1. Taking the conditions exactly as written (closer than 20 Å to residue 269 by Cβ, in the same structural domain as residue 281 (by TED's automatic domain parsing) and in a helix (DSSP H, G or I)), does residue 178 satisfy them or not?
2. Does residue 256 satisfy the criteria of being without any contact (Cβ under 8 Å) to a residue 40 or more places away in the chain, in contact with a strand residue (DSSP E or B) (Cβ under 8 Å, 6 or more places away or on another chain), on the phi < 0 side of the Ramachandran plot and loosely packed, with under 14 Cβ neighbours inside 10 Å?
3. Have a look at 222, 284 and point out the one that is at negative phi, at pLDDT below 95 and not in a loop (DSSP other than H, G, I, E, B).
4. Hey, can you tell me all the residues within the stretch 82-98 that are touching a residue at least 40 places away in the same chain (Cβ under 8 Å), crowded, with 19+ Cβ neighbours inside 10 Å and over 10 Å from residue 230 (Cβ atoms)?
5. Going through 38, 5, 44 one at a time, which residue ends up being closer than 13 Å to residue 81 by Cα and modelled with pLDDT under 95?
6. Looking at (1) at pLDDT 95 or above; (2) out of contact with any helix residue (DSSP H, G or I) (no Cβ under 7 Å at 6 or more places or on another chain); (3) over 21 Å from residue 250 (Cα atoms), which is the one condition that is false for residue 185?
7. Quick one: which residue in 250, 214 is touching a helix residue (DSSP H, G or I) at 6+ places or on another chain (Cβ under 6 Å), assigned to a strand (DSSP E or B) and at pLDDT 95 or above?
8. The conditions are (1) surrounded by 22 or more Cβ atoms within 10 Å (Cβ to Cβ); (2) at pLDDT below 95, and residue 152 fails exactly one of them. Which is it?
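The values are calculated or read from the model by the stated rules, or taken from the named source; none is laboratory data. These numbers were taken from a predicted model, which means no experiment stands behind them. Counting neighbours? That spans all protein chains shown, and the Cβs are built from the backbone with ideal geometry, glycine included.
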C-alpha cells in the first residue's frame, strides 16, 4: 500500500470514528456528567474507551486511523460503545479489512450483463427494473424501467457520456428536484450509499473519480460527504414525480446478483389495483414501453 493511500484510509477511519463519537452525548451513553465546561459536544475519547472496555491509549490509536490487527471482538465492542447500526458496523469492518489487505483486491464489476440476466430483466414487463453497480451507473433497464427513468436518460448530462448515472443526475442536473420531490432524502441516501460502497470497494478508481467530481462540482454533495454517514440500499418506498403520470410512491427492492459481484437489480413493485399500478400501466401505454429497448 502506498504512503498516500495509507494516509487516506487513516483519515477515513479517524473521521468516521470521530463523527460517530461526536453525535453521542454522555447522557445517551448512560455516563455521569461532571461539570458543565465540556469542550466536546459528544463523547470524549476516554469515555468511548470506558464504554468499549479498552485502554484510552488503544482507542486513541484506533481513532488515529490504525485499525491494523483489530480483532472482531474489539470491533464489536467499539460498535456497541458507539451504538453503530448494521450499516455502520459493516462499514467499520470494511475499514478494518482494508487496513490489513494487500493491494490485490477483487476487481470492480465490469459492467457486462450476462445474457441470462438480461433475459430475466426483460421478462419483467409489468415492473420497472434496472441493473446498476455500486457507483449508481445504470447498466441496463427493461422497457418500463427506462420509461420511468426517462428524465434521467434525457438529461443533457448524458448526451455525450455513458452510462446514465443517477448520482450525477441528482447533484448536477437542476431537474432532479422535479423528479425526486423528496430531494433532501434522496440526496442524503445517495451519499450514504456511496460512502458505504467506498468501504466495500476501496480500490475502485471509477468510484473515487465520481466522488471527486461530485465533491468539486456540488456543494450539496460535499457537505453531505463530510458527514461520513453510511446506509444499506435494500428496501424502501421511493417517491418520484414523472412528467407524464405525476407523483408516485413505489415500493422498491434492491437485490444483489451473487454471480456478478458489484451488480444489483432494482425493482419497483406497486400493489395490485393501486394508483401507482394504474399509473405505470398508463405510462406503458402512452410511451409504448413494451417496444422500448434497453
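1. Taking the combined requirement at face value, the residue does not satisfy it.
2. Taking the combined requirement at face value, the residue satisfies it.
3. Details: 222 fails: at pLDDT below 95.
Sole residue among the options that is at negative phi, at pLDDT below 95 and not in a loop (DSSP other than H, G, I, E, B): 284.
4. Scanning the stretch 82-98 gives 82, 95, 98.
5. Of the residues listed, the single one that is closer than 13 Å to residue 81 by Cα and modelled with pLDDT under 95 is 44.
6. (3)
7. When all the criteria are applied, what remains is 250.
8. (2)
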